[in-house]
């Protein structure tokens, strides 16, 4: 009982902050999204104040629970939640969203009233987010506004449809599904605009000549591999390095040609003889120089 009272107080404080305009939505890093909502900007004119059993009545919920297949359940949800029946990928995306939300409610064991209310909240969230082109922070605040309005028994501002545990589970579910793909939903529903073009030739004004592009000199060109930004593109791969190492090992262990061996030995002998000859010439020059100085 004490725990329930604390949870109820928490919901009441959140609801009070919501209607007083206080920022109460925080991101995962603890940074508050300072977005003040104005209800007149986000509520459609014909939207009811409370959403339980509005789009889906008790009869609809009974038919939904008795649906024999997933496709039958999707058809009931599409009809009751007024999903666009023109076909195409938009209808499939929205129908899948409502069906997965319904499956979540069944998994959590929610009653028909709670399930109907949650599905209507998600419908209102999607419609108002698309109509207003809301950023994700404002859409998250709008979702919490609708959720908390149905979480505390405080007429005429709110009704107690969901418990504190329901609010926690619903919030986690929506943030892990709808808001994770929020940009995709906004991409599916782009704004439409009509543009009218008119061409007129009034023969006024001076024609601005286009300057010729400057020619690049040869000295200004540089190899791409010499640029530090592109150096990583010319680094040999591990496979190329392994092949080069294997070639070096094969060349080292490969026996030399006999002609090459003889040529190398001859070159080494000639080099040694030339070195000895140079040394003897230097010694002879030194003796002659000493004999001349002795006279």
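Residues 177, 168, 258, ranked from the fewest to the most other C-beta atoms within 10 Å, line up as 258, 168, 177.
Roughly how many Å is it from the Cα centre of segment 52-111 to that of segment 226-295, as a whole number? Cα centroid of segment 52-111 versus Cα centroid of segment 226-295: 85 Å apart.
Among 251, 84, the order by Cβ neighbours within 10 angstrom, fewest to most, reads 251, 84.
Using a Förster radius of 22 Å, what is the FRET efficiency between residue 75 and residue 127 based on their Cβ-Cβ separation? Nearest 0.05, please.
Efficiency at R0 = 22 Å is approximately 0.65.
Among 281, 81, the ranking by other beta carbons within 10 Å of each residue's beta carbon, starting with the fewest, stands as 281, 81.
Full extension of the segment from residue 287 to residue 198, taken as 0.36 nm per residue of separation minus the current Cα-Cα distance, would add 21.3 nm. Both radii are taken from the alpha-carbon atoms of segment 116-245; with Rh as the Kirkwood radius, Rg/Rh is 1.37.
You can think of it this way: the chain between residue 66 and residue 251 has 58.7 nm of extra reach, that is 0.36 nm per residue less the Cα-Cα gap. What is the gain in length, in nm to one decimal, between residue 279 and residue 244 on full extension, counting 0.36 nm per residue of separation less the C-alpha to C-alpha distance? Full extension from residue 279 to residue 244 adds 8.2 nm.
Every number here is computed from the coordinates shown, using simple stated rules; none is lab data. Remember, predicted model here, so these are calculated numbers, not experimental data. Counting neighbours? That spans all protein chains shown, and the Cβs are built from the backbone with ideal geometry, glycine included.
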